[in-house]
């Protein structure tokens with residue numbers, strides 16, 4: 001059994017919300033997207049992503065895939081379908097040219113979490129009072145960190161910290177990163193956009209999670225914290241309690 005909470009908010013500064021989330025409890029699939037692009041097309045990109053993936057899950061029974069290879073192949077196909085739809089929209093309709101979106105998708109199956117991501121929306125795992133990041137950001141500063149050019153602390157204030165290097169819809173094809181982790185009773189899996197972790201930080205997120213409220217209340221508290229800290233971006237969070 002899982003308990004699910006989710007919340008999305010445009011934040012304090014932005015005029016509209018270009019984030020999107022979608023939960024499919026019957027299939028144990030959960031996702032968060034953060035759109036980019038001018039003229040509100042980021043909103044179109046993020047919503048296209050989650051609707052396309054949800055449609056793929058609806059049309060193709062994910063439970064028929066039982067090995068990690070099969071599951072990751074399934075998720076890659078679902079994400080690829082969304083990528084193609086966004087890319088084609090941007091190519092065919094001038095008002096959507098250049099739009100793209102991040103995506104992080106989680107699927108729970110037989111005590112394991114299977115996660116795919118593109119961009120800088122993240123998955124975290126809260127377990128026994130500790131918070132760990134599952135996914136790796138596809139960003140310019142993360143490449144600099146990997147190469148030893150800058151430290152993680154320096155990345156926080158880097159002028160180009162919001163530049164993503166991979167997104168859905170930016171190219172005709174995309175290669176997500178995939179992660180598999182065991183899930184135990186009492187764990188909480190968190191999916192979120194950078195509007196949360198960029199404002200709140202992992203230590204403050206941990207304080208909220210330690211309160212062990214319902215998943216909906218946890219999501220609401222995290223969004224409130226991000227807005228209190230400035231709310232400079234849209235904020236979206238999905239929490240799945242095991």
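The values are calculated or read from the model by the stated rules, or taken from the named source; none is laboratory data. It should be emphasised that the depicted structure is a prediction, and the values quoted were computed from it without experimental measurement. Virtual Cβ from ideal backbone geometry, glycine too; neighbours counted across all protein chains shown.
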_I'd like to check something: does the range 118-129 contain any residue that is within 25 Å of residue 54 (Cβ to Cβ), at pLDDT below 95, touching a strand residue (DSSP E or B) at 6+ places or on another chain (Cβ under 7 Å) and surrounded by 13 or more Cβ atoms within 10 Å (Cβ to Cβ)?_
no
By residue number, the members of the range 61-82 that are closer than 24 Å to residue 111 by Cα and surrounded by 15 or more Cβ atoms within 10 Å (Cβ to Cβ) are 62, 65, 71, 72, 74, 75, 76, 78, 79
For helices (runs of 4 or more DSSP H) lying entirely in the range 65-182, having 2 or more residues that are more than 23 Å from residue 201 (Cβ to Cβ) picks out 68-92
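Is the range 172-192 home to any residue that is in contact with a helix residue (DSSP H, G or I) (Cβ under 9 Å, 6 or more places away or on another chain) and on the phi > 0 side of the Ramachandran plot? Talk me through it step by step, then tell me what you get.
Of all residues in the range 172-192, those in contact with a helix residue (DSSP H, G or I) (Cβ under 9 Å, 6 or more places away or on another chain) come to 172-176, 178, 180, 188, 190, 192.
Applying the additional criterion that residues be on the phi > 0 side of the Ramachandran plot yields none.
Taking every residue of the range 172-192 in turn, none turns out to be in contact with a helix residue (DSSP H, G or I) (Cβ under 9 Å, 6 or more places away or on another chain) and on the phi > 0 side of the Ramachandran plot.
Can you confirm whether residue 25 is more than 19 Å from residue 90 (Cβ to Cβ), in contact with a strand residue (DSSP E or B) (Cβ under 7 Å, 6 or more places away or on another chain) and loosely packed, with under 13 Cβ neighbours inside 10 Å? Reasoning before the result, please.
Numbers: more than 19 Å from residue 90 (Cβ to Cβ): yes; in contact with a strand residue (DSSP E or B) (Cβ under 7 Å, 6 or more places away or on another chain): yes; loosely packed, with under 13 Cβ neighbours inside 10 Å: yes.
When the stated conditions are applied, residue 25 passes them.
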Taking first residues from the range 77-91 that are farther than 11 Å from residue 173 by Cβ and second residues anywhere that are surrounded by fewer than 20 Cβ atoms within 10 Å (Cβ to Cβ) and modelled with pLDDT under 95, the pairs with Cβ under 7 Å that are 6 or more apart or on different chains are 90/97; 90/98
Among (1) surrounded by fewer than 16 Cβ atoms within 10 Å (Cβ to Cβ); (2) free of Cβ contacts under 8 Å to residues at least 12 places away in the same chain, residue 224 falls short only on (1)
